[in-house]
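The structure under discussion appears below in the form of structure tokens.
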């Protein structure tokens, strides 16, 4: 009973911890963003009278690039495992692959601090993937009660020591992270189960669900407390699409949704393909030197900022509609934009007063001229002096591009989902989609801590809105609102990129809070997955594939029914006798890359696989502490004298007496199911007389992978990197 | 691609079919209930002037008893497998146990028609369990394209022929049933996975989820269409708790919730224990004759009606609060009650006019007298003549007991959840809880089609409300609303009875539509499960145990680490040679109750288990149709001449060449995981020289079951019935 209680306590702390983490990241982003805007405001104020608008813009870029460089350096030099969303790695880990450094404290710090810096740096990225990863790391740390801290272990207590338990905790941590990010405990749990967990078990899922629920609730509580009303619980998650009031749909709208879904699948595959090419290019040329990685991130940040400002200053998409601005950061951004324009208009007045002063550079000049023209058109220049104008827009209107670009991707997503019909023009939406899509592709895979959820949703929402505008044009009587098209577009785009189905449906349903619209979301995710799967695998799977991790999927690959165990087993087998010379054991351990060896009986007439010896039990010095410590002694570091080598050692106490075996007639799918169903790492292949003639490991199985390219299925034999 | 599409099509039809089923049952209940009330109204009208109120009451009882008898007879004589909720049986089936007749058309008819009759018969039962069962049957029928119809098979097409596929479909059907019943597609899916499915697989869950979503949506559509507004979609499920507006809670309320949860666990175990005793008693004495089963059901119906009327006429709990009556049946019941009282008041007037007429029986007389006293107290007898009064209550008020009893359990549940604070007095709530609890225990296990969800929820809501009243008394400043206590009570009671956690949480969250209250529901379900598990197993597990079905749970039973395969395997083994005499095969098949036999090589020096022969492949006449047909030829019906018996038969083409084997050293948990992980039905136990020395089947494993009684864990060896 004590054990049960303490295990629940750990799951509880995972939830609480993840909530603190999520709330901390959110609050840090908000506070620092505020400081950033304050700073830039000062510059504007100072620059005001000298007419040097290019200065604050350059400073803005500089700040972004600087922040991004710091973030990239943190990830690259402290723990490269913290790059990207982390979900593919967590997935691999939960699948049973050992990923060194994934759950270390360094990765935790790089991930959490890194994601704050990435978002502040203005990159097109979200914080959901990193949230899941850092939740997982924290869970592992809480479970182990021991954190690998720069080579040393900090021991607290030792409740969960075996690999299996830690894996369960990591699953809970990842679920809590997603739950805290989206305010979706059910969706988070299912995400963890669908994307990550290899073994489903009611007890485990219940505990994971518990953590996720606690995380969701506590995040809500903490963020509400930060805003000063802890009992009102108005912040169900970091990202919330906000409920759509009266979300209804007609059956005749379903074809439109299917069209949107198909486009989502197509563009999703395009995203995956482009990112794949980019990743391969990076692996080949760019990521050989660490400083190149860091510089690349800085470059992306500068390009993002340039693209944003260029679009904002050139596209004059003025709208009088009120932007949807319930998001704290968005609000601050709007205030900042107000400041910026305020000063810009003051600036103008200065220009008019003193036209000879030419302190502007070219682009700035052009912008100023355009603004001047508009001002003159307006004819109420002096009256407008005190008015708030927004980037070249006059009167009460503001530049819609700034609503999309001068905010975090989350704020942008919300605006795209909820802003009224007229807010964005077709041209600005198209430009936004193209540029944000390219930035998204470029950003994902940088050596920074970044998630792909929010940018994908934002891209999808933008082109979904575009299609919605088309529908409104065609059927002006029927369609009144483009928000639902934007929502379906967002779902389809994300589905087309990730190919996750159950959990995404549930997450989006939980975010919108409408169950009957769930059917539409489900159908669009289904179709975008089908369309996408026709061309490529999902983004995470692509990631795993490119990094050469031997991941076993849910089902044995197709087209392998006629591959037998004799075709893919590793042979010959190194066998040990049950009483063996130390020298031979040493040679085996240092020479082979396997981690398990069949032990056979000495009598040569009956070769029975007496047992199988897991490698980690033979680390010689580690016998007093059988838990596989990440920093444990390497076999090559052990010095053995010749006399030592001549000693014999009885392996009987350490070996697994009842290993699973397969006979030569086992087919690939059968062996696959044995591995998946029983969570094996090694399987001894025996012939009819029970002599061990081969070993099968995950890597042997993962070699075979079915590839679907352009609708054709073919088998591929991967070269799995030895790691 | 065609196969994939058709498989999705089948899952789609399962959703649609279940929706039609659910809507059909709902509409049938409503229409017939309406007719019933019309009929009784006529009697009241006729009886009106003669002052024979006892007549309609007796007729009401008679109608209820009659309907129940028909329902019970239908279930008992047509297909006894249709009795009860069906979920334990579906669970066993999905676990891999063959339950004959479970998925037959007879069971389908008995289940669907039976549940309508049970509800109309006024039993304390719901329609969610039967919904899940009949959804499962329909799914199996749709998948097989063949329905066993009184011994013959109706073949339509043959897409899904193997057991595994059918099982997946049944899981989808069960999920759709729950989803349609509660309007909870996510909860339904999780229910199916948690309670039923033995193997979790993303692809499968996605398809199940799809069916459930379609079912939920279509039910909504159909019921809305029935009410005349198909596009408004106002009926998300058959049972919907209706959303609680502004459901908030303080952290300090959590201790109260925990108290409620603990009570739920206690009363839940009490329910299970009482039902267990009753079931054993029934199995021993009552259910030997079929007509006794039918009579018992009729008796329960009469007793339910008597209890209801007795309470309504004796307890004068008058309230002026408006009952919550958005439910169609409830509305009709209220109209009917109005009629009843109208006539009763007219009746009174008659009495006053003609006091010498003594046509009433005793109970009725008493009631009349009480009414009279109240009338006289009121002092406005004549003015009240035209007013609508309700069962002894005067003025605008009505009898709260009638709100609870004169409706379906669903309507009762809704009233208890949503009625305002003052509606029910403490005394009437206590009486209701006690009587409804006893009726619930008695009803579950009758030979009628009935579910236990709704009665459990109603009981819990009643005592939750009671506790809520106490809280309001103690802290009049804080607590204003008792609805949330009723909700937590309902959840705890159901959790205490069923011990299902994840899916119940999600179902209730989906029903109430509030995610932040989900934490409270989750905690109360968790605690009620813990408290309940301390005393007994859950109701469904108890059912399975009593019926002797060899069900394998998720985890190996505790305390069995030192039980080895040699302790529980069946021996000696009947082995067959790979070329064997027909006579020996015949003897094996007719003599043994096993379904698989190891085939060994002829050379007596090397005993290798050459393969294993599944029984259903040797049904001799069945070779041209290897699918195991329920009505296939029995081995005993085959006549073999002595000459036939001397023939030899080559078994090589039919045997499984790579059977799974276990060595003698395998421990119980290990064998358990092999069975669970790989879905085995047989495992050959071999010694070191690979001679088959034993067989392990599910029954051997299911023999061992850990029992927790009064907090003490002990192992029990069950005697598993051979079926």
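All of the numbers you see were taken from the coordinates with simple rules; none came from a lab. Since the structure is predicted, the reported quantities are computational estimates derived from the model, not experimental observations. Cβ placement follows ideal geometry from the backbone for every residue including glycine, while neighbour counts extend to all protein chains displayed.
Below is a table of values for the structure above.
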| quantity | calculated |
| --- | --- |
| Mean Cβ count within 10 Å, highest first, over the residues of peptides A:285-293, B:538-546 | B:538-546, A:285-293 |
| Shielding of B:202-214 by partner chains, average beta-carbon count, 10 Å | 5 |
| Rounded FRET efficiency, nearest 0.05, which uses the C-beta distance separating residue A:567 from residue B:579 and R0 of 30 Å | 0.50 |
| Per-residue mean of C-beta atoms belonging to partner chains within 10 Å, peptide B:424-435 | 0 |
| Segment B:426-502: C-alpha gyration tensor shape, a/c 1.5 cut-off, then a/b vs b/c | oblate |
| Cα→Cβ-extended label distance, 7 Å offset, between residue B:259 and residue B:687, nm | 6.6 |
| Highest-first arrangement of B:214-225, A:462-473, where packing means the average Cβ count within 10 Å | B:214-225, A:462-473 |
| Mean Cβ count within 10 Å, highest first, over the residues of peptides B:664-673, B:62-71, B:525-534 | B:525-534, B:62-71, B:664-673 |
| Within 10 Å of each Cβ in A:270-276, the average number of Cβ atoms from other chains | 0 |
| Two-site label geometry, residue A:9 and residue A:547: point separation in nm, points 7 Å out along Cα→Cβ | 3.4 |
| Geometric extent, Cα atoms of segment A:1-131 - Rg, Dmax (angstrom) | 19.4, 74 |
| Estimated inter-spin distance, residue A:426 and residue B:288, nm [label 7 Å along Cα→Cβ] | 8.5 |
| 7 Å along Cα→Cβ, label-point gaps from residue B:306 to other copies, nm, shortest first | 9.2 |
| Computed E for residue B:77/residue B:306 - FRET, C-beta separation, R0 30 angstrom, nearest 0.05 | 0.65 |
| Contour minus Cα-Cα distance for residue A:38 and residue A:664 (0.36 nm per residue) | 218.2 nm |
| Gyration tensor verdict on segment B:468-526 (Cα atoms; rounded if a/c is under 1.5, prolate if a/b is larger than b/c, oblate otherwise) | prolate |
| Distances in nm from residue B:203 to the matching label points in the other copies, shortest first (labels 7 Å along Cα to Cβ) | 3.0 |
| Cα gyration tensor category, rounded, prolate or oblate, for segment A:76-135 with a/c compared to 1.5 | prolate |
